[in-house]
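Chemist: Sharing a structure below in structure tokens format, with a few things to ask.
The values are calculated or read from the model by the stated rules, or taken from the named source; none is laboratory data. Note that the coordinates shown come from a computational prediction; the quantities given were computed from them, not determined experimentally. A quick note on method: Cβ atoms are made from the backbone with ideal geometry, for glycine too, and the neighbour counts reach across all protein chains shown.
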Amino acid sequence: MTQTKDLEMGYQMSLEQFQPDVALNHAVLAEQYGFESIWASDHFMPWYHTNATSAFAWSWLGAAAQATKKIKFGTGLTAPILRYNPGLVAQAFATLDYMFPGRIFLSLGTGEALNEMPLGYDWPPHSERLRRLEEAILVIRKLWTGDLISFKGNYYKLRKAKLYTPPRTKIPIFVAASGPKAAELAGRVGDGLLTITNPDDGYFKDLIFPAVERGLKSSVRDKESTFEKNVELQVSFDEDYKKAVQSVRPWAGNVMPIFFNLGVYDPRVVEEHGQFVGDENLAKIWVIATSSEPIIKSIERYAKLGFTGIHITSSSPSQEKFMQLYKKEILPALTS
């Protein structure tokens, strides 16, 4: 068996799938069933329309941290480039860490059009969004020092800005990447990488990880030994395979890469296009499981590739049933 004892296992909280009170109950259960971290989606608009929800992640994170004891919390992910001024991101997460020291992390990325364009922003090309992200991370780190900061960048400015409630501990920043340019940025300025699953091992070995290493080598900070590599694993479990597949159907539109690149921001349009995604294509992205075995094998695969953290997005018909399977069969297999 692949060594997985040191692997951090997290749970993705899809706030576009569950109303915040239901999600809060799931967070409490996740801690009880052995998950070590919660990664909350940070969306203004959801990836689909029918029966979707749209709770504000930052409000929910404070409530969930208060309702639990030790599990770690963060976003998966926040885009600090348009609707969020990076100074406000710095303030929000400094406050969370002040109240729950050592339990807070922050994942940052270039975002999606459906979270920015409904609020009136134009959707810049990826190259600009990446530059904005890098500058935003610089702003956030400057403010987290607690110093009085003046800064003039290409996109953001600070005029004698200071966080009078700074973080108590060092808040890890994970940079999201699905391509080499963002992966290089993760290595250069992040404390870790956040990426998505891919059926091809070469995607990680030949594209993502080499780019991360280039970033690490060019970084002025010594972090190679502590840099974390996180991946989101998408799972749907039920003893009835058809029910497990059907439970993933709402997410069909967001398996199409076009919606991450173009300025499509209407969830109804994304949902409509998802109707053309077949079950076999969904099964290439999602682990559709009727037992714990394929889930365990997938986790072992990513651990073998070199990931240090895996958080599971469960679109199972029953979240509690999936968590029971996790505690009874999956977690023991990973720690034996």
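Chemist: Do we find a residue being part of a helix (DSSP H, G or I), under 28 Å from ALA52 (Cα atoms) and touching a residue at least 24 places away in the same chain (Cβ under 8 Å) anywhere in segment 303-318?
Modeler: For segment 303-318, residues part of a helix (DSSP H, G or I), under 28 Å from ALA52 (Cα atoms) and touching a residue at least 24 places away in the same chain (Cβ under 8 Å): absent.
Chemist: Checking LEU114 against (1) over 15 Å from THR78 (Cα atoms); (2) of a type in the set (A, V, I, L, M); (3) touching a Phe, Trp or Tyr at 6+ places or on another chain (Cβ under 6 Å), which test does it fail?
Modeler: Failing condition for LEU114: (1).
Chemist: If a residue has to be touching a residue at least 40 places away in the same chain (Cβ under 8 Å) and assigned to a helix (DSSP H, G or I) to count, how many in segment 262-278 make the cut?
Modeler: Of the residues in segment 262-278, 5 are touching a residue at least 40 places away in the same chain (Cβ under 8 Å) and assigned to a helix (DSSP H, G or I).
Chemist: Would you say HIS43 is assigned to a loop (DSSP other than H, G, I, E, B), surrounded by fewer than 20 Cβ atoms within 10 Å (Cβ to Cβ), at negative phi and modelled with pLDDT of 95 or more?
Modeler: no
Chemist: A further question follows. Test PHE259 against the criterion of being farther than 20 Å from MET13 by Cα and not in a helix (DSSP H, G or I), and give yes or no.
Modeler: no
Chemist: Among the residues of segment 24-37, is any of a type in the set (D, E, K, R), assigned to a loop (DSSP other than H, G, I, E, B) and within 27 Å of ALA303 (Cβ to Cβ)?
Modeler: Yes, the conditions are met somewhere in segment 24-37.
Chemist: Determine, yes or no, whether GLY146 is surrounded by fewer than 21 Cβ atoms within 10 Å (Cβ to Cβ) and within 23 Å of TRP286 (Cβ to Cβ).
Modeler: No: the conditions fail for GLY146.
Chemist: Looking at segment 73-92, I want the residues that are over 26 Å from GLN234 (Cβ atoms) and have a partner that is charged (D, E, K, R) and at pLDDT 95 or above with Cβ atoms under 9 Å, at least 6 apart or on another chain. Which pairs are those?
Modeler: If the second residue must be charged (D, E, K, R) and at pLDDT 95 or above, the pairs left are LEU82/GLU116; LEU82/ASP122; LEU82/ARG129; LEU82/ARG132; PRO86/ARG132; PRO86/GLU135; ALA90/ARG141; ALA90/LYS142.
Chemist: Check whether at least one residue in segment 279-295 is surrounded by 13 or more Cβ atoms within 10 Å (Cβ to Cβ), in a loop (DSSP other than H, G, I, E, B) and of a type in the set (A, V, I, L, M), and report yes or no.
Modeler: Within segment 279-295 (the criterion being surrounded by 13 or more Cβ atoms within 10 Å (Cβ to Cβ), in a loop (DSSP other than H, G, I, E, B) and of a type in the set (A, V, I, L, M)), the answer is no, since none of the residues qualifies.
Chemist: Taking only segment 1-40 into account, find how many residues are out of contact with any Ser or Thr (no Cβ under 8 Å at 6 or more places or on another chain) and among the basic types (Lys, Arg).
Modeler: 0
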